[in-house]
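Enquirer: Dropping the structure in here first, questions after.
The values are calculated or read from the model by the stated rules, or taken from the named source; none is laboratory data. Not measured: the values here are computed from a predicted model. Backbone-built Cβ (ideal geometry, glycine too); neighbour counts: all protein chains shown. In case anyone asks, the SASA skips ligands and DNA or RNA and just uses the protein heavy atoms, side chains included. Shrake-Rupley method; radii C 1.70, N 1.55, O 1.52, S 1.80 Å.
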Amino acid sequence: MNKMTKTSEQHLASNADESVELISRRNFFRKAAVYSASAVAATSILSPVKLNAADDPAIVHEAEWGIKLGDPVTKNRYGVPSPYEHNNTRRTTSLLASGDDYASISMCPIHEQEGIITPNGLFFNRVHGGVAHVDPKGYRLMIHGLVEKPLVLTLDELKRYPSVSRVHFVECPANGGPEWRGPQFNSIQFAKGMMSQAEWTGVMIKDLIADLGLKPEAKWMLAEGCDNSEMGRTVPVEKVLDDAMIVWAQNGEALRPEQGYPVRLMLPGWEGNLQVKWLKRLEFSKEPFYAKEETAKYTVLTPSGKAIQHFYPLEVNSIITSPCPEKPWTDLKKGDLVEIQGLAWSGQGTIKTVDISFDGGDNWVEASLKGLILPKAWTRFSYMYRYEGKPLLLSSRAIDDSGHIQPTIDQETAVVGVEAVYHRNSICTWEVTDKGVVNNVHIRS
Amino acid sequence: MFTLDRKKIISSALVASVILLGTACNASTETEKAPAKTETKTEVVKTVPETQATAATGDKGIDGGAVYTIKDGMYTSYAVNEQAKKDFTFGRTPSKTEEAAWDIDVMPDGTGLPEGSGSVEDGDEIYEEQCAMCHGDFGSGGKGSRSTYPTLSGGEHDSLTYQRVGDNTDGPKRVIGSYWPQASTLFWYVQSGMPFNHPKSLSDDETYAVVAYLLSINEIEIDGEEMDDEYVLDREKFMKIKMPNEDGFIPVIDGPDGPANVKKFLADPNNYGNGTRCMKDCLEGEKPNIVRIKTEINAFEPPMSVERSFKEAEASGPIHPGQKVYESSCAACHATDAMGAPPSGDKAAWDTKLEKGIDVVYANGINGINAMPPKGGNMTLTDDQFKAAVDFMIDSAK
């Protein structure tokens with residue numbers, strides 16, 4: 001590279017073949033270019049070797065990307081994933097729609113999730129009236145009702161407030177809901193993909209309303225969106241004054257339209273449906289509002305015929321993400337040391353412990369937590385396992401610091417029955433066959 | 001029940017936070033922090049008690065979960081900006097007109113419910129024109145491009161105790177008459193959210209009418225009176241409605257004790273299911289009863305795959321000028337023939353329409369015909385934009 005001429009540097013950004021011409025090791029490269037044009041991987045010219053059957057062509061052959069220029073830096077103004085990653089996408093199924101694709105959900109590929117931050121383009125997407133496209137110039141936020149000083153803000157004004165960044169999951173309370181009466185999806189993306197996690201940036205509502213003078217009789221806050229569905233929801237003032245935020249950014253950039261661009265509500269740990277997107281209005285009141293999404297929907301019907309309302313938090317939960325039906329152990333050999341890992345989370349606190357069972361919940365061992373351990377956030381757990389090629393029933397059980405323990409299916413359904421739709425957090429089990437195939441099963445007594 | 005080294009976890013979390021938020025920590029010096037701290041305490045944290053711990057205080061929040069406070073500039077693993085945050089000058093006071101324009105929610109005590117009236121008969125007509133194509137005749141639920149639209153009637157209150165376990169195949173029917181606790185929700189939702197494809201288009205009288213119709217097909221009686229075709233619903237009568245499932249929800253959220261009731265309910269995980277931390281012989285000698293998938297659902301879009309093979313970039317031609325309008329304003333009805341609309345790209349269906357000539361087809365669409373609302377319900381479209389969308393649906397035919 002140090003032999004490159006000035007001219008060649010100027011040409012870097014233009015045509016690859018052209019700049020190759022100008023490099024001093026011209027002859028080698030010219031040949032290489034010819035080879036690479038005729039074959040995907042040309043034989044290395046710089047270090048020719050005699051091939052044995054056992055030699056890996058990925059090593060002994062010069063790879064195409066090593067012998068020609070890549071893209072110029074000007075290629076993607078906004079970067080996109082490698083084209084090889086085209087299967088790492090959100091997915092949908094008709095079962096989860098309320099008629100059409102405008103009142104539906106698209107699931108996060110959590111089998112491909114690494115670490116604890118979901119890339120913005122893969123964040124699960126639940127809408128009740130389509131994804132609104134809001135022009136930031138026409139955006140207004142109104143805060144009124146039982147406050148001494150009602151307020152209207154433009155987007156620029158809102159962003160002048162001091163910002164806080166917090167990592168929190170957002171989960172639809174219907175996550176896992178299609179499986180109350182038995183397993184239906186042989187897929188983690190569909191069994192548990194109504195959730196994602198991001199670092200959210202915005203203003204703490206308590207910082208914003210401190211100036212507005214909340215009247216003493218204010219007990220509730222209505223949050224409403226400016227989209228087609230408006231998505232009104234009632235929030236108790238205690239949460240508003242604790243950790244509630246008005247956010248405008250996710251993972252370092254403006255919210256995606258699917259997440260409520262330009263502004264959404266963030267109530268850490270609570271039902272995704274409460275994190276009102278395209279936020280338009282906050283109204284403080286003495287009595288709750290009884291919006292459609294907290295009466296007709298998002299209420300948990302129990303066998304007594306009574307339904308639990310205002311069931312805000314997502315309870316302690318966990319899922320093994322590797323292995324899983326999409327990422328089985330079919331390539332493992334007996335004796336391989338493999339990492340079992342997964343995600344644990346609780347809307348009621350911080351993950352404290354995760355246990356793993358190999359025998360369908362008869363015996364348990366404690367897994368290690370790894371990475372950041374944050375409140376109301378996905379936490380990674382890990383267990384190193386020497387693969388034996390024998391059938392397993394793999395489960396995980398999470399415990400949080402508020403004393404909540406993930407229940408078995410029997411423990412949960414004994415209280416809330418099987419028609420609850422929402423808030424299913426019972427222990428998940430993967431059946432691993434002797435071939436390493438992974439299936440979604442339920443364990444009952 | 002179990003012992004765990006909490007210190008270990010907290011300290012590792014702290015280490016992590018230093019890595020994550022190192023610069024923020026360094027930026028705020030001790031002297032800056034001191035005066036600001038007292039201010040934030042008294043002004044901001046009103047209902048959440050301050051205690052000593054960095055992690056959970058041991059107190060429970062309204063959601064039955066842990067409560068965290070700020071200790072030594074840290075909120076759990078996050079460094080906190082504790083400088084004064086008061087007396088901001090941004091924004092302005094909304095005018096009364098502006099507040100009224102947005103404040104259209106309707107509460108159970110009648111707050112927000114406008115004056116007006118409408119009959120069941122008029123509501124039936126509006127329903128047939130603007131709702132039936134999705135919600136079916138008499139609210140029976142209609143087929144959409146993906147699944148069925150919500151059912152708006154036909155549920156027995158008694159069904160709420162049904163559980164689909166064992167041989168029972170009948171589940172609870174959660175519809176307006178059997179489940180919704182308040183009629184105010186229906187007025188508010190219909191006026192602000194329906195019809196789905198162009199909401200906020202019904203006048204107060206039209207909303208009264210269609211709400212009256214929906215209540216009548218749910219066999220709601222007002223003050224002991226059945227709602228027949230001639231029944232006219234107005235504000236006064238509306239305030240007398242008592243929904244059959246008004247008392248079907250726990251905990252009680254109304255009145256001054258509402259939030260406290262919620263807090264008490266959520267503080268007890270036995271109200272919604274909690275586990276136990278058994279480590280050995282938890283099944284007490286029994287074998288685990290494995291329930292496998294009976295009918296697998298795997299019609300996923302796109303199909304499930306974790307392949308990392310190279311996909312040729314799809315040859316994407318130029319975008320049709322009508323495609324955007326089609327997707328935002330027409331696709332809800334024209335993606336399939338479920339509602340009787342000629343589906344986009346269905347040559348036979350459009351050929352039949354085109355027999356009368358393209359101009360008639362344009363005109364019918366612009367003025368509306370049968371279940372096709374004028375301009376598909378989106379009156380902001382210019383005629384040219386509308387025609388482009390029609391062209392797109394016709395041109396998409398292969």
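Enquirer: Through the Karplus equation 6.51 cos²θ - 1.76 cosθ + 1.60, θ set to phi - 60°, convert the phi angles of the range A:440-445 into ³J(HN,Hα) values in whole Hz; use x for Gly and Pro.
Expert: So the J values, rounded to whole Hz, are 7, 10, 10, 10, 10, 8.
Enquirer: Also: Go ahead and run the numbers for FRET between A:Asp135 and A:Leu337, Cβ-Cβ distance against an R0 of 56 Å, rounding to 0.05.
Expert: Details: r = 54 Å, r/R0 = 0.97.
With R0 = 56 Å, the Cβ-Cβ based efficiency is 0.55.
Enquirer: Moving on to the next point. What spacing in nm lies between the two simple spin-label points modelled at A:Asp56 and B:Glu128, each 7 Å away from Cα in the Cβ direction?
Expert: About 7.3 nm, to one decimal.
Enquirer: Which residue fluctuates most in the GNM of chain A (Cα springs below 10 Å): A:Ala218, A:Ala53, A:Ala377?
Expert: A:Ala53
Enquirer: Assuming 0.36 nm per residue, please report the length gained on full extension of the stretch B:Glu230 to B:His157 beyond their Cα-Cα distance.
Expert: Numbers: separation 73, 0.36 × 73 = 26.28 nm, distance 2.58 nm.
The span from B:Glu230 to B:His157 would gain 23.7 nm if fully extended.
Enquirer: If I take every Cα pair under 8 Å that is 6 or more residues apart in the range B:285-398, average their sequence separation and divide by the length, what percent do I get for the relative contact order? Show your work: numbers first, answer last.
Expert: On the way: 88 pairs, mean separation 36.0, N = 114.
Relative contact order comes out at 32 percent.
Enquirer: What's the angle, to the nearest 10 degrees (0 to 90), between helix A:26-38's Cα axis and the longest principal axis of chain A?
Expert: 60
Enquirer: Subtract the Cα-Cα distance of B:Asp223 and B:Arg92 from 0.36 nm times their separation in residues, and report this length gain in nm to one decimal.
Expert: Working: separation 131, 0.36 × 131 = 47.16 nm, distance 4.57 nm.
This chain segment gains 42.6 nm when fully extended.
Enquirer: Here's something else I'd like to know. Which net charge results for the neighbourhood of A:Val338, defined as the other residues with beta-carbon distances under 12 angstrom from its beta-carbon, given Lys and Arg at +1 and Asp and Glu at -1?
Expert: Counting the neighbours of A:Val338, the net charge comes to 0.
Enquirer: While we're looking at this one, here's another question. How long, wide and thick is the range B:229-317, going by the Cα atoms along their three principal axes, in whole angstroms, largest first?
Expert: Projected onto its principal axes, the Cα set of the range B:229-317 covers 66, 62, 29 Å.
Enquirer: Count, for each residue of A:234-243, the Cβ atoms from other chains sitting within 10 Å of its Cβ, then give me the mean as a whole number.
Expert: Details: counts 2, 1, 10, 4, 11, 6, 2, 5, 11, 5.
Counting other chains' Cβ atoms within 10 Å and averaging over A:234-243 gives 6.
Enquirer: Count the net charge of all other residues whose Cβ sits under 15 Å from the Cβ of A:Ala58, scoring Lys and Arg as +1 and Asp and Glu as -1.
Expert: Numbers: positive: B:Arg308; negative: A:Asp55, A:Asp56, A:Glu62, A:Glu64.
After counting each charged neighbour, the total is -3.
Enquirer: Could you tally the net charge around A:Ser395, taking each other residue with its Cβ under 12 Å from the Cβ of A:Ser395, Lys/Arg +1 and Asp/Glu -1? Walk me through the numbers before you get to the answer.
Expert: On the way: positive: A:Arg397; negative: A:Asp355, A:Asp359, A:Asp362, A:Glu431.
Charge balance near A:Ser395 sits at -3.
Enquirer: For the full complex of protein chains and a 1.4 angstrom probe, list B:His320, B:His135 by accessible area with the highest value first. Before the final figure, lay out each step's value.
Expert: Values: B:His320 45, B:His135 25 Å².
Result, largest first: B:His320, B:His135.
Enquirer: For B:Val67, which sequence-distant residues (separation of 5 or more, or a different chain) have an amide H within less than 5 Å of its own amide H, given hydrogens modelled in the peptide plane?
Expert: When sequence neighbours closer than 5 places are left aside, the close amide H contacts are B:Thr57, B:Gly58, B:Asp59, B:Gly61.
Enquirer: Still on this structure: So which trypsin sites (Lys or Arg not before Pro) in the range A:316-399 pass both tests, a DSSP loop state and at most 14 other Cβ atoms within 10 Å of the Cβ? Kindly include the intermediate steps, with their values, before the conclusion.
Expert: On the way: sites: A:Lys333, A:Lys334, A:Lys352, A:Lys370, A:Lys376, A:Arg380, A:Arg386, A:Arg397; in loops: A:Lys333, A:Lys334, A:Lys376.
When the trypsin sites (Lys or Arg not before Pro) of the range A:316-399 are filtered for loop state and at most 14 Cβ neighbours within 10 Å, A:Lys333, A:Lys334 remain.
Enquirer: How large, in percent, is the carbon and sulfur part of the accessible surface of the protein assembly as shown at a probe radius of 1.4 Å?
Expert: So the carbon and sulfur contribution to the accessible surface is 53 percent.
Enquirer: Just want to confirm a number: the relative contact order over chain A, from Cα pairs under 8 angstrom separated by 6+ residues, in percent. Mind showing how you got there, number by number?
Expert: On the way: 976 pairs, mean separation 58.2, N = 445.
Relative contact order comes out at 13 percent.
Enquirer: Top mean-square fluctuation among A:His61, A:His404, A:His310, Gaussian network model of chain A, C-alpha springs under 10 Å?
Expert: Among A:His61, A:His404, A:His310, the largest mean-square fluctuation in the Gaussian network model of chain A belongs to A:His61.
Enquirer: Hey, can you grab everything whose amide H is under 5 Å from the amide H of A:Lys352? Only 5+ residues off in sequence or another chain; H modelled, so Pro and N-termini drop out.
Expert: A:Ile399, A:Asp400, A:Asp401
Enquirer: Of A:Ser396, B:Ser328, B:Ser396, A:Ser445, which has the most accessible area and how do the rest follow, probe 1.4 Å?
Expert: Numbers: A:Ser396 0, B:Ser328 90, B:Ser396 40, A:Ser445 120 Å².
Result of the area sort, largest leading: A:Ser445, B:Ser328, B:Ser396, A:Ser396.
Enquirer: Take peptide A:338-351, look around each residue's Cβ out to 10 angstrom, count Cβ atoms belonging to other protein chains, and average those counts. Kindly include the intermediate steps, with their values, before the conclusion.
Expert: Details: counts 0, 0, 0, 0, 0, 0, 0, 0, 2, 3, 9, 11, 11, 1.
Across A:338-351, the average partner-chain Cβ count within 10 Å equals 3.
Enquirer: Here's something else I'd like to know. Taking θ as phi - 60°, what are the ³J(HN,Hα) couplings along the range A:100-109 by the Karplus curve (6.51, -1.76, 1.60), each to the nearest whole Hz, with x for Gly and Pro?
Expert: Coupling constants for the range A:100-109: 9, 7, 9, 10, 7, 9, 10, 8, 7, x Hz.
Enquirer: Let me ask something additional. Would the range B:323-396 count as rounded, prolate or oblate if I go by the C-alpha gyration tensor, calling it rounded below 1.5 in a/c and otherwise prolate when a/b exceeds b/c, oblate otherwise?
Expert: Details: a/c = 1.30, a/b = 1.15, b/c = 1.13.
Rounded, since a/c falls under 1.5.
Enquirer: Through the Karplus equation 6.51 cos²θ - 1.76 cosθ + 1.60, θ set to phi - 60°, convert the phi angles of the range A:244-260 into ³J(HN,Hα) values in whole Hz; use x for Gly and Pro.
Expert: 6, 10, 10, 10, 10, 9, 9, 6, x, 9, 3, 3, 6, x, 5, 9, x
Enquirer: What do you get when you divide the Cα radius of gyration of the range A:53-179 by 2.2 N^0.38 Å, with N the number of residues? Could the numbers behind the result be given before it?
Expert: Details: Rg = 22.6 Å, N = 127, 2.2 N^0.38 = 13.9 Å.
This ratio for the range A:53-179 stands at 1.63.
Enquirer: Debye calculation, C-alpha points only, no solvent: report log10 I(q)/I(0) for the range A:115-298 at q = 0.09, 0.10, 0.20 Å⁻¹, in the same order as the q values.
Expert: Summing over Cα pairs of the range A:115-298 leads to -0.31, -0.39, -1.48.
Enquirer: Another one. I'd like the mean, over residues of B:69-78, of how many other protein chain beta carbons sit within 10 Å of each residue's own Cβ. Mind dumping the intermediate values first?
Expert: Numbers: counts 1, 0, 0, 0, 0, 0, 4, 8, 7, 6.
Rounded to a whole number, the mean comes out at 3.
Enquirer: While we're here: Applying 1/(1 + (r/R0)^6) with R0 = 56 Å to the Cβ-Cβ distance of B:Asn261 and B:Thr169, what FRET efficiency is obtained, to the nearest 0.05? Before the final figure, lay out each step's value.
Expert: Values: r = 35 Å, r/R0 = 0.63.
The pair B:Asn261/B:Thr169 has a calculated efficiency of 0.95.
Enquirer: Please tell me the relative contact order of the range A:115-298 in percent, rounded to the nearest whole number, where contacts are Cα pairs under 8 Å and at least six residues apart. Walk me through the numbers on the way to the answer.
Expert: Working: 390 pairs, mean separation 54.1, N = 184.
In percent, rounded to a whole number, it is 29.
Enquirer: Still on this structure: Anyone know which of A:Asn251, A:Asn228, A:Asn317 comes out most mobile in the 10 Å Cα GNM of chain A?
Expert: A:Asn228
Enquirer: Select from the range B:174-262 those trypsin sites (Lys or Arg not before Pro) which occupy a DSSP coil region and have at most 16 other Cβ atoms within 10 Å, ordered by residue number.
Expert: Working: sites: B:Arg174, B:Lys200, B:Arg235, B:Lys237, B:Lys240, B:Lys242; in loops: B:Arg174, B:Lys200, B:Lys240, B:Lys242.
In loop regions of the range B:174-262 (DSSP not H, G, I, E or B), the sparsely surrounded trypsin sites (Lys or Arg not before Pro) are B:Lys200, B:Lys240, B:Lys242.
Enquirer: I would also like to ask the following. Provide, in order from the shortest bin, the percent of all Cα-Cα pairs of chain A in each 10 Å bin, continuing until the bin that contains the maximum pair distance.
Expert: Over chain A, the share of Cα pairs per 10 Å bin runs 4, 18, 24, 20, 15, 11, 6, 2, 0 percent.
Enquirer: Let a ≥ b ≥ c be the square roots of the eigenvalues of the Cα gyration tensor of the protein assembly as shown; is it rounded (a/c under 1.5), or, if not, prolate (a/b larger than b/c) or oblate? Don't jump to the answer; show the numbers that get you there.
Expert: Numbers: a/c = 1.44, a/b = 1.20, b/c = 1.20.
Taking the square roots of the gyration eigenvalues as a ≥ b ≥ c, the protein assembly as shown is rounded.
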